[in-house]
Each structure stands twice: as structure tokens, then as C-alpha cells.
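Single-structure report; data block below.
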Amino acid sequence: MEKFRKKVEKRFKVDTTVCLCSLALYFALLFVTKGANVFAQSISMGVFIGMELVAVYNLAAAYTALHNEEKLKEMYINETDERNIAIGKETSQKGSTISMVGIAMAAITASFFDEKICITLCAALLFSALVTIVVNLYYKRKM
């Protein structure tokens, strides 16, 4: 259990760093891109707010677990349960495949309307495929 506690402490530090760095990056981008259009600023604000909310939620969960032995045990059981691990793996595999097929279909559809959108979707599809291939190769060597 002490090993898991250290893992949660490390996670807490990473989430704290993400919170602070994303805030700093957001304000730095606002300063550097003062003349940017409202749409770009709104999108970046939404992304950073989303990152902050996820990091704060994770921080709260880790903080609670570190200060409450029962919550720490519950978190340990939840993360090491074989059924939850299997569900996570299946979800990741199927979700990745469905996302790539969806992006491919959107790229095909977009090709009839706007070339820039089609190229952007193809780039996103290529990136997603490359990430899948690299992660797959990594785990084939590791396991």
C-alpha cells in the first residue's frame, strides 16, 4: 500500500504542476497574442479551463485519498481490479478505432466542401494512427 501511496503522491505533484503550468501558459499566450481574434482566444480559454477542471478534480481525489486511509484503499482497489483494467483496455482499443473511422468519414465528407478542413482532418487522422502504431510497438516490446 505504501508503494501505491507514493504513486498517488507523484500523481498529486504532476496535477499541481499541470494546474500551474497551464495557467502560466494561458496568460503567456494571452499576452503574446493580444491581437488574435476572439474565436482563437475563446478556444484556447475553453481548452485551458477544461485542463484546469480535470487537474483540479484529480488533485481533489488524490488529496482526499492521501489524507483518508479508507479512500486510499478504495482507490487502490478500483485501480487494480482486473475487471476495471480489462474494461479500460477494451474501451481504449474500441474508442481509438471508432474515432479514427469517424475522422476518416468526416475527412471524406469534408473533401466535397472545403479542402483545408479535409487536409486538417487527414492530418488529425495521420497523427492518431501514428500514436496508435507507436504505442502498440512500445507495448509489444515491453510485454
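Some observations on this one:
- Neighbour net charge for Lys7 - beta-carbon separation under 12 angstrom, K R +1, D E -1: +3
- Relative to the dominant Cα principal axis of the chain, helix 2-32 is inclined by about 30°.
- Cα coordinate range in segment 88-143, projected on the principal axes (Å, largest first): 44, 18, 10
- Pairs exceeding 22 Å between alpha-carbon atoms, taken from Lys3/Lys94; Lys3/Lys71; Lys13/Lys34; Lys10/Lys71: Lys3/Lys94; Lys13/Lys34.
- Here the contact order of the chain, divided by its residue count and restricted to Cα pairs under 8 Å and six or more residues apart, works out to 20 percent.
- Phi angles across segment 38-44 convert, under the Karplus curve 6.51 cos²θ - 1.76 cosθ + 1.60 with θ = phi - 60°, into 3J(HN,Hα) values of 5, 4, 5, 5, 5, 4, 5 Hz, Gly and Pro given as x.
- Each label point was placed 7 Å from the Cα along the Cα-to-Cβ direction; for Ser96 and Thr120 their separation is 2.5 nm.
- Matching the structure-derived P(r) over Cα pairs in 5 Å bins from 0, in percent against the labelled list (i) 2, 8, 10, 11, 14, 18, 16, 11, 7, 3, 1, 0; (ii) 2, 7, 9, 10, 9, 8, 7, 6, 6, 5, 5, 4, 4, 3, 3, 3, 2, 2, 1, 1, 1, 1, 0, 0; (iii) 2, 9, 17, 23, 22, 15, 8, 3, 1, 0 gives the label (i).
- If R0 is taken as 30 Å, the Cβ-Cβ distance between Arg83 and Ala60 corresponds to a FRET efficiency of 0.75.
- Spin-label model, Val134 to Ile49: label points 7 Å out along the Cα-to-beta-carbon direction sit 3.1 nm apart.
- Qualifying chymotrypsin sites (Phe, Trp or Tyr not before Pro) in segment 80-140, where qualification requires a DSSP coil assignment and no more than 13 other C-beta atoms within 10 Å, comprise Phe112, Phe113.
- Principal-axis tilt of helix 115-142 within the chain, Cα atoms, nearest 10 degrees: 30 degrees
- In a DSSP loop and with at most 11 other Cβ atoms within 10 Å, the trypsin sites (Lys or Arg not before Pro) in segment 1-59 are Lys34.
Computed from the coordinates by the stated procedures, all read-outs in this text should not be read as laboratory data. On a predicted model such as this, the values are computed, not experimentally measured, just so you know. A quick note on method: Cβ atoms are made from the backbone with ideal geometry, for glycine too, and the neighbour counts reach across all protein chains shown.
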